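Participant: First the structure, which I've put down as structure tokens, then a few questions once you've had a look.
The values are calculated or read from the model by the stated rules, or taken from the named source; none is laboratory data. Since the model is a prediction, treat every value here as computed from it, not as a measurement. Just the protein is used for accessible areas: all its heavy atoms, side chains included, with ligands, DNA and RNA removed. Shrake-Rupley method; radii C 1.70, N 1.55, O 1.52, S 1.80 Å.
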Amino acid sequence: MDFKRILTIQDISCVGQCSLTVALPIISACGIETSVLPTAVLSTHTGGFTGFTFRDLTDDIPEIRKHWQKEGIDFDAIYTGYLGSTKQVAFVADVLDSMGNENAVNIVDPAMADGGKLYYGFDDEFVEAMRTLIPKADYLLPNITEACFLAGVPYEDRHDREFLEMLIKKLYNLGAKNVILTGESFTEGKTGFVMYDGKEFSDYAHDRISRGCHGTGDIYASAFTGALMNGRSVYDSAKIAADFVVEAIRCSQKDPDHTYGARFEPVLYKLKEMI
Ligand code: PXL
């Protein structure tokens with residue numbers, strides 16, 4: 001049996017069902033060893049909470065990388081999510097450049113914005129830094145807001161094919177080998193994903209579910225990573241991730257009082273079945 005080990009680089013939001021508390025269980029459930037490099041420790045995520053704590057771990061990153069190199073550790077994939085500081089992005093770039101084995105792939109989720117706005121604490125300088133990770137991405141997984149910021153296109157509430165293709169091509173031209181735009185499709189009124197590999201566009205459309213939850217981008221990227229590491233095609237991995245997010249949101253609808261994340265845990269077994 002071919003055992004895979006991946007590294008995921010993102011924060012620990014102690015409560016909030018996002019970042020590492022999502023990536024670890026989801027990718028592990030896919031049968032993949034999941035090593036972590038925490039970028040920051042927060043008491044909660046920054047959306048919908050006030051007064052959260054924030055411990056920046058930027059300066060630990062180069063030390064951790066050096067130790068791993070001394071131990072001869074490497075990874076089959078590196079998946080990056082929410083990063084804690086502008087300075088940190090350069091350290092994460094070093095990890096992407098040096099810690100993968102010869103067949104490793106880099107999955108970059110530029111988790112920094114949604115609904116037309118940057119998350120709390122991020123600014124133009126951070127966006128510029130995040131842009132430097134694009135050429136390192138075998139798979140870039142932005143939502144439409146992140147795609148606009150990275151492409152330098154003013155955010156518009158537009159979801160037509162012409163706009164989506166223009167945005168995606170700009171990100172491809174910045175160096176991403178595959179762009180998977182999440183939360184969009186070519187079918188009006190439906191969501192899903194639109195994908196481009198430099199040759200052709202493909203998409204997947206499913207019904208939009210009215211319940212917005214924090215952390216669904218992290219669930220998506222984690223399930224995508226888990227499926228891809230199990231040898232599923234890029235399209236199938238993107239589709240499995242989209243279907244799993246739908247399952248998690250449907251499950252969350254059964255608990256309207258639960259507001260900070262999506263209840264993916266009770267439906268994790270479905271992800272295993274899909275893979
Ligand atoms: O899910 C994205 C995310 C991750 N980590 C932190 C966040 C957010 C989104 O708000 O605040 C700390």
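Participant: If you rank S19, S85 by how much accessible surface each has, with a 1.4 Å probe, what is the order from largest down?
Facilitator: Listed by decreasing accessible area, they come as S85, S19.
Participant: What is the log10 of I(q)/I(0) for region 5-260, computed with the Debye formula using one identical point scatterer on each Cα and no solvent, at q = 0.17 Å⁻¹?
Facilitator: -1.43
Participant: Using a 1.4 angstrom probe on heavy atoms only, work out the carbon and sulfur share of the accessible area of region 168-275 in %.
Facilitator: Reported share for carbon and sulfur atoms: 46 percent.
Participant: Taking Cα atoms of region 202-275, Rg/Rh with Kirkwood Rh, to two decimals?
Facilitator: Taking Rg over the Kirkwood Rh, I get 0.97.
Participant: Here is a further query. Quick one: Karplus J couplings for region 170-181, per residue in order, coefficients 6.51, -1.76, 1.60, θ = phi - 60°, nearest Hz, x for Gly and Pro?
Facilitator: Each residue's phi maps through the Karplus curve to give 4, 5, 4, 5, 7, x, 6, 7, 9, 10, 10, 7 Hz.
Participant: Given springs between every Cα pair under 10 Å in a Gaussian network model of the chain, which of E71, E146, E128 has the largest fluctuation?
Facilitator: Among E71, E146, E128, the largest mean-square fluctuation in the Gaussian network model of the chain belongs to E71.
Participant: For every helix of n ≥ 4 consecutive DSSP H residues, a contribution of -39,500 (n - 2.57) applies; sum these over the chain, divide by its total residues, and give [θ] at 222 nm rounded to the nearest 500 deg cm²/dmol.
Facilitator: Only helices count here, giving -11500 deg cm²/dmol.
Participant: Now a separate question. For region 118-275, what is the convex hull (Cα atoms) projected area averaged across all directions, in square nanometres?
Facilitator: Here the figure is 9.5 nm², rounded to one decimal.
Participant: Counting only heavy atoms of protein chains, what accessible area per residue, in Å², does region 5-260 have with a probe of 1.4 Å?
Facilitator: 42 Å²
Participant: Over region 1-70, with a single point scatterer placed on each C-alpha, what log10 of the ratio I(q)/I(0) does the Debye formula yield at q = 0.13, 0.20, 0.28 1/Å?
Facilitator: Debye output, listed in q order: -0.44, -0.87, -1.18.
Participant: Let me cross-check E125: its accessible surface, 1.4 Å probe, with only protein heavy atoms counted, in Å² to the nearest 10?
Facilitator: Approximately 120 Å² of E125 is accessible to the 1.4 Å probe.
Participant: If you don't mind, there's one more thing I want to ask. Can you give the accessible area of L174, probe radius 1.4 Å, in Å² rounded to 10?
Facilitator: 70 Å²
Participant: How many angstrom lie between the C-alpha centres of region 154-213 and region 1-19?
Facilitator: So the separation of the two Cα centres works out to 25 Å.
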